[in-house]
Amino acid sequence: MADPDFNREFDPAYGIAVPVAEGVQRMTVNNPSAFTFHGTNSYIVGEKSVAVIDPGPEDEAHFKALMAALEGRELTHIFVSHTHRDHSPLAARLKQATGAVIVAEGAHRAARPLHEGEKNPFAESSDTDFVPDIALADGESIIGDGWTLTALHTPGHTANHAAFALDGTGIVFSADHVMAWATTIVAPPDGAMSDYMRSLDKLLMRQDRLFLPGHGGPVTEPSAFMRGLRAHRRMRETAILARIKAGDRSIADMVKVIYRNTDPRLHGAAALSVLAHLEDLIEKGEVQTDGPPALTGIYSPA
């Protein structure tokens, strides 16, 4: 299966505020992993009176680096794209240090209720203590000194995921919804594949010129890249249907074949991605299972 045209070249430059666009600097947390790539990107928007987007996890070195980069400037707003612990926890400490207001779509929640006996595999990764000062509605804007950021609700990776458009520039801070280095993890019950695909279509309609994501480098041709992501997901759906028609009945068997060239450390996330696709396929009437869709479920053609 062909992947979108990923770009994995990236210098995290830990501790340094790197200019990435006019009036925008990127600072990357030193928290690399199979899920975060080289680390989480925080962005500083503005010149004298600024906003920070995604302050990141509780990380002492990153907090000190952010405070050093903000020296001589006023931080008025802290924007949080979603409530995974690699993006949101440092917001509270940054607010305490600066008095800035925290802005987000809302508190953490799952895309759907847990089924009986189901456990959320990303529960420990979720920042359930997070509460924004301002819950920004879809399309609602915050106006700062020389910048305006507009919320674009993009559920899929999480139910409360939001990207932020820097009005008048064609720049979108796409967080974990669209990243140049890899596809987004869509894992029930935190996320939902049907939401993710609708959110892709929503951003495609905008025709922006540059995405600055939550991990890795910029997406320089967003429309073409998102069309590739959408095609990739549709091919993944086709592959899952083909495996079921070929006789695979469990997610584990499907993952062994479909993700045979994927880093084994990511097979757990891959299984959740297959589950997300299966939930969508069941909703569309193409696949069936006894009871609610589950990682351990038995699947067959509808």
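A few remarks follow.
- Search result, residues across segment 203-236 that are within 29 Å of Leu281 (Cα to Cα), touching a strand residue (DSSP E or B) at 6+ places or on another chain (Cβ under 8 Å), open to solvent by 10 Å² or more (accessible area, probe 1.4 Å) and touching a residue at least 60 places away in the same chain (Cβ under 8 Å): Phe225
- Residues that are under 29 Å from Gly291 (Cβ atoms), hydroxyl-bearing (Ser, Thr, Tyr), part of a loop (DSSP other than H, G, I, E, B) and open to solvent by less than 50 Å² (accessible area, probe 1.4 Å) occur in segment 138-161; there is at least one.
- Among the conditions (1) closer than 30 Å to Ile78 by Cβ; (2) open to solvent by 20 Å² or more (accessible area, probe 1.4 Å), His267 misses just one, which is (1).
- Considering segment 166-202, the residues that are among the aromatic types (Phe, Trp, Tyr) and not in a strand (DSSP E or B) include one that is surrounded by the most Cβ atoms within 10 Å (Cβ to Cβ), namely Tyr196.
- Which listed residue, of Ala180, Ala175, Ala187, is among the aliphatic types (A, V, I, L, M) and modelled with pLDDT under 95: Ala187
- Restricting the first member to segment 249-267 and to residues that are over 22 Å from Ser33 (Cα atoms), and the second to residues that are outside any helix (DSSP H, G or I) and open to solvent by 50 Å² or more (accessible area, probe 1.4 Å), the beta-carbon pairs closer than 8 Å and six or more apart or on different chains are Arg249/Ile298; Ser250/Thr296; Ser250/Ile298; Ile251/Leu295; Ile251/Thr296; Ile258/Met1.
- Matching option when the condition is open to solvent by 60 Å² or more (accessible area, probe 1.4 Å) and modelled with pLDDT of 95 or more, among Ile251, Ile298: Ile298
- The single condition among (1) under 11 Å from the mean Cα position of the chain (by Cα); (2) hydrophobic (A, V, I, L, M, F, W, C); (3) farther than 20 Å from Val287 by Cβ that Leu152 does not satisfy is (1).
- Any hit, segment 261-277, residues being under 18 Å from Pro293 (Cβ atoms), over 20 Å from the mean Cα position of the chain (by Cα) and part of a helix (DSSP H, G or I): no
- Enumerated strands (runs of 3 or more DSSP E) restricted to segment 10-90, each holding at least 3 residues that are in contact with a Leu (Cβ under 8 Å, 6 or more places away or on another chain), buried (at least 17 other Cβ atoms within 10 Å of the Cβ) and modelled with pLDDT of 95 or more: 24-28, 41-45, 49-53, 74-80
- Residue in segment 94-102 that is farther than 23 Å from Pro132 by Cβ and at pLDDT 95 or above present: no
The values are calculated or read from the model by the stated rules, or taken from the named source; none is laboratory data. Computed from a predicted structure; not experimentally measured. Methodologically, a virtual Cβ is constructed for each residue, glycine included, from the backbone with ideal geometry; neighbour enumeration extends over all protein chains shown. Accessible surface areas use protein heavy atoms only, side chains included; no ligands, DNA or RNA. Shrake-Rupley method; radii C 1.70, N 1.55, O 1.52, S 1.80 Å.
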